[in-house]
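Here's the structure we're looking at; comments come further down.
The values are calculated or read from the model by the stated rules, or taken from the named source; none is laboratory data. None of these values were measured; they are calculated from a predicted model. Neighbour counts are summed over all protein chains in view; Cβ atoms, including those assigned to glycine, are modelled from backbone coordinates with ideal geometry.
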Amino acid sequence: MNIRIDWNDIDTVLLDMDGTILDRHFDDHFWLEHVPKRWSQQNHTTLEYAKKHLYSLFRSQENTLNWTDLDYWSDRLALDIPVLKHEVGHLIAVHPYVIEFLLFLKHSGKMVWLVTNAHSKTLGLKMKSTRIGPYFDGIVSAHQVGLPKEDGRFWRKLQDFICYDPERTMLGEDSETNLTTAQEFQIHYLIYISRYSSKVDPRPSELFPTIDYFNRLIPEPGNSCITIVR
């Protein structure tokens, strides 16, 4: 099924951060490998036990603001999570073609917002490392909104921070759950990012139009339309 997008019909572009414009390999490595390693060292346990214990704790907070709250995890695990993130900060990377896409959006006069579940301390580290902040008209964290993007109420409450018309808005996400809640709010153009990590083979969504890289959304010069395969 081919989906045709005319950029003349879009005023606002909302983009997720981790896995969408940034390589999620950093986050996966950090939470699944680095934190268990440091926790096991501090608590004198095996790495195998640490992973089993911590993965269970992580799952218990999925789809909540605690999931990305560095202060919560610092208290819960008795670790300085922001400091640990700096230890592997060299893994933070922007996905290929993201900058080209952001430049296309700015040259096309679109409003471009970074909308993320990430905690402010994570945002600070990643914006400093990647220097992509100036490409956006603004950044809104779910912690400001008071709800995670997995909550269907998020997108309406987001309008307290961003003036956008759902019918003329595009959302790029690597989460089908977040795209589904946005669809319920009738955000019209929903794009799934399948290559969320450089270490994982991409799989297309069965629910949403899918791209691997953002150059798929840049039309040929002189043309405002692109077609992607669902």
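Quick notes
- Selection count where residues are surrounded by fewer than 16 Cβ atoms within 10 Å (Cβ to Cβ) and either hydroxyl-bearing (Ser, Thr, Tyr) or under 19 Å from Ala142 (Cα atoms) (or both), scope segment 67-81: 1
- Residues that are part of a helix (DSSP H, G or I) and in contact with a helix residue (DSSP H, G or I) (Cβ under 7 Å, 6 or more places away or on another chain) within segment 130-150 comprise Gly133, Tyr135, Ala142, His143, Val145, listed in sequence order.
- Qualifying residue in segment 32-43 (condition: part of a loop (DSSP other than H, G, I, E, B) and hydroxyl-bearing (Ser, Thr, Tyr)): no
- Residue selected from segment 151-182 under the condition among the acidic types (Asp, Glu), over 12 Å from the mean Cα position of the chain (by Cα) and not in a helix (DSSP H, G or I), by the criterion surrounded by the fewest Cβ atoms within 10 Å (Cβ to Cβ): Asp165
- Restricting Leu79, Leu32, Leu22, Leu70 to those that are without any contact (Cβ under 8 Å) to a residue 24 or more places away in the chain and of a type in the set (A, V, I, L, M, F, W, C) reduces the list to Leu32.
- Scanning segment 183-206 for residues that are among the polar types (S, T, N, Q) and surrounded by 14 or more Cβ atoms within 10 Å (Cβ to Cβ) yields Gln183, Ser194, Ser197, Ser205.
- Given (1) under 28 Å from Asp9 (Cβ atoms); (2) surrounded by 14 or more Cβ atoms within 10 Å (Cβ to Cβ); (3) not β-branched (Val, Ile, Thr), number of the condition Lys126 does not satisfy: (1)
- The set of residues in segment 67-122 being of a type in the set (S, T, N, Q) and not assigned by TED's automatic domain parsing to the domain that holds Thr181 consists of Thr68, Ser74.
- Qualifying residue in segment 207-216 (condition: polar (S, T, N, Q), surrounded by 13 or more Cβ atoms within 10 Å (Cβ to Cβ) and closer than 14 Å to Thr20 by Cα): yes
- Filtered by the rule that a residue be surrounded by fewer than 16 Cβ atoms within 10 Å (Cβ to Cβ) and not in a loop (DSSP other than H, G, I, E, B), segment 100-113 gives Glu100, Leu103, Lys106, His107.
Table: residues versus (1) touching a His at 6+ places or on another chain (Cβ under 8 Å); (2) polar (S, T, N, Q); (3) crowded, with 16+ Cβ neighbours inside 10 Å.
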residue	(1), (2), (3)
His34	no, no, yes
Asn43	no, yes, no
Thr46	no, yes, no
Ala50	no, no, yes
Leu57	no, no, no
Glu62	no, no, no
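- Qualifying residue in segment 114-129 (condition: under 15 Å from Tyr164 (Cβ atoms), modelled with pLDDT of 95 or more, of a type in the set (A, V, I, L, M, F, W, C) and outside any loop (DSSP other than H, G, I, E, B)): yes
- Residues within segment 131-147 that are in contact with a strand residue (DSSP E or B) (Cβ under 8 Å, 6 or more places away or on another chain) and of a type outside the set (Ser, Thr, Tyr), tallied: 8
- Where a residue in segment 176-197 is in the same structural domain as Phe101 (by TED's automatic domain parsing) and its partner, wherever it lies, is surrounded by fewer than 16 Cβ atoms within 10 Å (Cβ to Cβ) and among the hydrophobic types (A, V, I, L, M, F, W, C), with Cβ under 7 Å and at least six apart: Glu176/Leu207
- The condition of being outside the structural domain of Ile81 (by TED's automatic domain parsing) and more than 23 Å from Trp67 (Cα to Cα) holds for only one of Asp151, Asp137, that being Asp137.
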